[in-house]
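Participant: Following this message is one structure expressed as structure tokens.
The values are calculated or read from the model by the stated rules, or taken from the named source; none is laboratory data. This structure is a prediction, so every number in the text was calculated from the model and none was measured. As a convention, Cβ positions derive from the backbone with ideal geometry for all residues, glycine included, and neighbour counts pool all protein chains shown. Protein only, heavy atoms only, side chains kept; ligands, DNA and RNA dropped before computing areas. Shrake-Rupley method; radii C 1.70, N 1.55, O 1.52, S 1.80 Å.
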Amino acid sequence: MNHSQGRLANKVAIITGAGCVGPGWGNGRAIAMRFAQEGARVFAVDKDMDAMTDTLALIKEFNGDVTPYTCDVTDSKAIQELVAACVKQYGTVDILVNNVGGPVRGGPIELSEENWDAQININLKTVFLMCKYVMPIMEAKGAGSIVNISSTSGIRFSGAPQVGYAAAKAGVIQFGRVVAVEYAKKGIRVNSVLPGLLHTPLVEAVLAGAQAGGDAEGLLKRRQARIPMSFMGDGRDTANAVLFLASDEARFITGTELVVDGGMSAKCD
Ligand code: NAD
């Protein structure tokens, strides 16, 4: 990740979930880092300031421009304060990356009603709320780019029954298409990135849990075996896709999805 070309020079980017559950390349951390490398002014948002420690340190290493901000992006009032704080700091918002999300296991019988609501809230409502309060700024200046992090679980059965997650991530994709068409003439582009099976700190945490049960290696092997490219990407692969869609290089691209999964969703088995 050392090929800075200023592809986002001076763009102000809000990235939600810019921290990470552990050391390594989660999606939000990698996106924040990659954006800063390309000259963006990064407004890095996470509900947990400690989770952003490594993200901030990595960006400061090359004197990148980053402002950390603590906010729970399921909270509408807190989001309004977040957006005001970003505008106060940087004057505007050019790019919004909605990255916060995550799965809870369970089909309709196992998943509690509370967990269903929580899955829709964290994976889909956060996207709606962030757009609701950031888009007026983009609309007023006739320009903006929004990238929503969905998942291949939003278009395929992932192998794990996660109905709330899958339904919410599918919702993110269709939300993006509708808003993209509605705002195309106003200069706002909206796209989704769909990561597949990644080797992120979150997966490491799951592996550590599996290790306690004795089959961490088996779990890793089973994941890898499903990917045509035979390795798991990580947050940096997501970040490069998000960078492209967020940048002016994608000026004619809106209302679409970019799958980052080593070919997995192209297979029929
Ligand atoms: P992560 O869990 O490593 O990091 C996400 C960050 O979001 C954490 O620092 C956490 O504190 C923060 N966060 C959680 N809830 C928040 C809230 N309400 N408000 C503000 N911040 C909050 O994440 P990750 O595994 O890199 O996943 C990021 C996104 O990528 C998610 O939308 C996820 O569904 C998607 N995704 C991940 C994978 C994968 O394999 N990791 C695959 C497909 C899609």
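Participant: Of the residues Lys132, Lys88, only one is charged (D, E, K, R) and closer than 24 Å to Ala170 by Cβ; which?
Facilitator: Lys132
Participant: Same structure, new question: Here's a check for you: in region 201-226, which residue that is modelled with pLDDT of 85 or more and in contact with a Gly (Cβ under 8 Å, 6 or more places away or on another chain) is least open to solvent (accessible area, probe 1.4 Å)?
Facilitator: Only one residue tops the list, namely Pro201.
Participant: Here's another thing I want to ask about it. Any residue in region 185-200 that is under 22 Å from Pro23 (Cα atoms) and at pLDDT below 95 sitting within a Cβ distance under 6 Å of a residue that is more than 9 Å from the ligand (Cβ to nearest atom) and open to solvent by 30 Å² or more (accessible area, probe 1.4 Å)? List the pairs, counting only those 6 or more apart or interchain.
Facilitator: Leu197/Arg223
Participant: Same structure again: Against the definition (of a type outside the set (D, E, K, R), more than 22 Å from Ala143 (Cα to Cα), surrounded by 14 or more Cβ atoms within 10 Å (Cβ to Cβ) and near the ligand (Cβ under 10 Å from one of its atoms)), how does Thr55 come out, yes or no?
Facilitator: Judged against the criteria, Thr55 is a match.
Participant: Which ones in region 24-47 are assigned to a loop (DSSP other than H, G, I, E, B), open to solvent by less than 70 Å² (accessible area, probe 1.4 Å), within 12 Å of the ligand (Cβ to nearest atom) and not aromatic (Phe, Trp, Tyr)?
Facilitator: Selection gives Gly24, Gly26.
Participant: Check whether at least one residue in region 141-162 is part of a helix (DSSP H, G or I) and within 24 Å of Lys47 (Cα to Cα), and report yes or no.
Facilitator: Checked against the condition, which is being part of a helix (DSSP H, G or I) and within 24 Å of Lys47 (Cα to Cα), region 141-162 yields no hits at all.
Participant: Restricting the search to region 65-106, which residues are of a type in the set (Val, Ile, Thr) and in a helix (DSSP H, G or I)?
Facilitator: If the condition is that a residue be of a type in the set (Val, Ile, Thr) and in a helix (DSSP H, G or I), then Ile79, Val83, Val87 are the ones that fit.
Participant: Which one is farthest from Glu217 (Cα to Cα), of the residues in region 167-203 that are hydrophobic (A, V, I, L, M, F, W, C) and within 11 Å of the ligand (Cβ to nearest atom)?
Facilitator: It comes out as Val172.
Participant: Where residues in region 86-118 are among the aliphatic types (A, V, I, L, M) and closer than 17 Å to Ala40 by Cα, which of them is nearest to the ligand (Cβ to nearest atom)?
Facilitator: Among those residues, the one meeting the criterion is Val97.
Participant: Now a separate question. Cβ-Cβ below 7 Å, separation at least six or inter-chain, first residue in region 164-183 and part of a helix (DSSP H, G or I), second basic (Lys, Arg): which pairs?
Facilitator: Cβ pairs passing all conditions: Ala180/Arg189.
Participant: Suppose we filter Pro161, Pro108 for residues that are more than 27 Å from Lys11 (Cβ to Cβ), in contact with a Gly (Cβ under 8 Å, 6 or more places away or on another chain) and open to solvent by 40 Å² or more (accessible area, probe 1.4 Å); which single one remains?
Facilitator: Pro161
Participant: Mind listing just one residue for me: the one in region 59-74 that is hydrophobic (A, V, I, L, M, F, W, C) and within 14 Å of the ligand (Cβ to nearest atom) and, of those, surrounded by the fewest Cβ atoms within 10 Å (Cβ to Cβ)?
Facilitator: Among residues in region 59-74 that are hydrophobic (A, V, I, L, M, F, W, C) and within 14 Å of the ligand (Cβ to nearest atom), the one surrounded by the fewest Cβ atoms within 10 Å (Cβ to Cβ) is Cys71.
Participant: Right, here's the next one. Inside region 227-266, can you point out the residues that are in a loop (DSSP other than H, G, I, E, B), under 25 Å from Val179 (Cα atoms) and open to solvent by 60 Å² or more (accessible area, probe 1.4 Å)?
Facilitator: Arg251, Phe252
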